[in-house]
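One structure is given below, encoded as structure tokens.
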Amino acid sequence: MSGRANKKFFYFGIAVALMIAILAPFLASPDPDGLESAAAGVVDESKLSDLEESGPVISSPMPDYSIEGMGKSGEVAAIAAGTLAVLAISFGFGKVFKKKA
Amino acid sequence: MHIPDSFIPLDHAIIYWVLALPFIIMSVKWAKNELDEMKVPILAALAAGIFAIQAMNIPIGMGTSGHMVGAALVAIVFGSPWAGVLVLTLVLLVQGFAFADGGITTMGANILNMGVVSGFVGYYTYSILRRGLSANIAAFAGAWLGLFISAITCTIQLWLAGTFPLVSGLIAMGTFHLIIGFIGEGLITSVAITAIAKSRPDLLEDDLNTRTERAETEAMA
């Protein structure tokens, strides 16, 4: 059963993940998430702007799942690239660290 | 619930990394002892799906949105909370380094909250409820509670950091994540587990309760 069926699950999973990657920039809510929204509500304004001004400690190639100057298509590309990166990293990790037969 | 770098001072952030490290090491040990080669594609597909769905923020009203975390789903499918810790660690690494979603210094805290707390609470709540309830209801409740408790843990870290006040922080974070947990975590996890149980019941066989049930059915036959 499992060898072929697992491959089917693998390809089906990739298809679903990439479909979400394509749809997310159009469907996802632009509202702040629970943590950001809570911060805006309970942290006083001057402190919050300090927190927001000191950005991440390292700069990322695609901050906020976007590629500069590419709009929605850049967001699709960024999320798809991340999805495939996670796929490759977890697959590679699994192959290296799997249970030894 | 990805904590950015600036929300937790460096000394606290290091402590959370130190606390997260043994869990990360144990999750690698889980792979070495339990991850069947045949199941590597399942792990990779789930990890990719979780990364993608974390980019899909669902509106919950009050000008707020939220997304699934996914540790409970992975833990239930693999029959171990360590699988959830492992997948969330890999997802958070990519999110932090490539997309500035969650800080690098605060990644330890994010792994503890979203990988360890939501994975363990989600999985063990599921396991306990599974003794008397169907898989979809147990998965819903486990995933929901796992997300809620991880939001509470996150709030306490932010309170200790001096970033959030305790009471209003708990109320705001708790309210938002009760709703996010209901839709974003509980419902999606439940639908996914139901779909897997229908199409690939063998995948859930690592689950202790399913195994017991099967043994009972076989004994009766």
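The values are calculated or read from the model by the stated rules, or taken from the named source; none is laboratory data. Treat the numbers as computed from the prediction; the structure is a model and nothing was measured. For neighbour counting, all protein chains shown are included, and Cβ atoms are generated from backbone atoms with ideal geometry for every residue, glycine included.
Every listed requirement among (1) at the interface with chain B (Cβ under 7 Å from one of its Cβ atoms); (2) under 23 Å from B:H67 (Cβ atoms); (3) at pLDDT below 95 is met by A:G55 save one, (1).
From the list A:L87, A:L27, the one residue that fits, being modelled with pLDDT of 95 or more and within 22 Å of B:G96 (Cβ to Cβ), is A:L87. One residue stands out in region B:21-33 among those that are within 19 Å of the chain's Cα centre (by Cα) and facing chain A (nearest Cβ under 7 Å): the one that is farthest from A:G94 (Cα to Cα), namely B:V28. Across region B:93-137, the number of residues qualifying as away from chain A (no Cβ under 14 Å), closer than 17 Å to B:L187 by Cα and under 10 Å from the mean Cα position of the chain (by Cα) comes to 4. I'm trying to understand the selection: among the residues of region B:1-52, which are under 21 Å from B:M173 (Cα atoms) and at pLDDT 95 or above? B:H2, B:I3, B:P4, B:D5, B:S6, B:F7, B:I8, B:P9, B:H12, B:A13, B:Y16, listed by residue number.
Pairs meeting the criteria (first residue in region B:113-140 and more than 29 Å from B:P4 (Cβ to Cβ), second residue among the polar types (S, T, N, Q) and buried (at least 17 other Cβ atoms within 10 Å of the Cβ), beta carbons under 7 Å, at least 6 apart or on different chains) are B:S127/B:N209; B:R130/B:N209; B:R131/B:N209; B:N136/B:S190; B:A139/B:T189; B:A139/B:S190; B:F140/B:T189; B:F140/B:S190. Go through the residues of region A:66-89 one by one and say whether even a single one is more than 7 Å from chain B (Cβ to nearest Cβ) and within 24 Å of B:A151 (Cα to Cα). No; the residues of region A:66-89 include none that is more than 7 Å from chain B (Cβ to nearest Cβ) and within 24 Å of B:A151 (Cα to Cα).
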